[in-house]
1. Name the single residue that is surrounded by the most Cβ atoms within 10 Å (Cβ to Cβ) among those in region 192-218 being small (Gly, Ala, Ser) and under 27 Å from LYS151 (Cα atoms).
2. Could you tell me which of the residues ASP99, ASP133 is more than 30 Å from ASP175 (Cα to Cα) and not polar (S, T, N, Q)?
3. Do you know which residues across region 166-193 are among the small types (Gly, Ala, Ser) and in a strand (DSSP E or B)?
4. Just give me the residues in region 313-353 being of a type in the set (Phe, Trp, Tyr) and not in a strand (DSSP E or B), in sequence order.
5. Look through region 38-82, keep the residues that are polar (S, T, N, Q) and at pLDDT 90 or above, and return whichever of them is farthest from ASP135 (Cα to Cα).
6. Of these, LEU179, LEU295, LEU256, LEU189, which one is exposed (fewer than 14 other Cβ atoms within 10 Å of the Cβ) and modelled with pLDDT of 95 or more?
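The values are calculated or read from the model by the stated rules, or taken from the named source; none is laboratory data. Since the structure is predicted, the reported quantities are computational estimates derived from the model, not experimental observations. Cβ placement follows ideal geometry from the backbone for every residue including glycine, while neighbour counts extend to all protein chains displayed.
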Amino acid sequence: MNIAAPRITGRVTATWDLVRLPLLLILLATASPALAAEANLQAPPQSASLDDGHWFLAPKVKRLFRSHTSYEFGDPFGRKNNPLSRLEFPLNSWWGGLDLGVQGPRYRLELEFLAALPEQDDIGLMRDSDWDDNDHSKVRTIYSESATKLKNSFNLDGKLSMSLRQELETPAWLDLRPLVGVRWQRFVLVTHDGMQQNLQGSDPATGLDEWSYTALPGEGIWFRQEYLHAYVGLQVSTDLGRLGLGRPGHGWRVSLQGDIAHVWGENRDRHLLRAGDRVTTERTEGYAWHAGLDLRAPVFSWGALILSADYMFINTKGDHTLTQDGQDLLTFDYGVRAWSQQAGLSLSLEVPF
């Protein structure tokens, strides 16, 4: 690719603005005293004190498995080559953090913070593929695999839900809760000690592909990806205590949540093995859908153990900018896509106070 070529198309106006996240979280936080007060006013006189509205804190540990975050782009000069390059980063990692919130008879406001355990270097292999043969655009010509380390990665999720039990007059064991929320994800990954293979052609005698191999010692790519989600959804909850499994209102509970989000994303990829300071940036916009299942079990009379499973898929499109030594050389939006698949299991201990 002629990297000194002029700008190809106008930049896609991806409205990435992380200022929205703290503003929305501040709005949620300032609403909490009013929610707690309303919870106290609406609680039935005969209820236990926890039903009058309370705060809660839940230490949490989470494991992501069969998860990745990836991006690709096409060749704006040779339109057959789409994708031209694809990078797939693993996310099979351990996370830990806290869930803090306030719970009332009708409202629940919570803020979850998770951080990846630092310096995890067993999360999987990064895969880098290129298809740069203009005559055979579906033939992968370059492929490499590198060990990957996860660093300085975080997840922040704030949401507010409201029970519709009074409006819909549902059975006592069933609770429907619309919810709104904001989610922010940041992944920082560094690849190291890889191996690259390059297609040299085909052996005329056998017709088999011939490859050359090159070691990639040391750190190869520093990659940062951020996603901002604004989502709406629905939570359906069944109180198994009212069906005979434990004390009503404080027994076993099963909840299913589904939500959809509008997503703004940004990638920043620094090629450490190339000469100079070579950086590619993708600014994208798209959607995400997420589903989760929670099983809540009482722990004596002072808390609850929550086992959760969830899956999220993110898909965004936008533009790609190549920068060399601080100077933008090329911007285009042909075949630019970033996506992520995240499956997780988590365990938390919720304690009211």
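1. Top of the filtered list is GLY194.
2. None of the others qualify; the one that does is ASP133.
3. GLY181 - this is the single residue of region 166-193 that is among the small types (Gly, Ala, Ser) and in a strand (DSSP E or B).
4. Passing the criteria: TYR334, PHE353.
5. This residue is SER67.
6. LEU256
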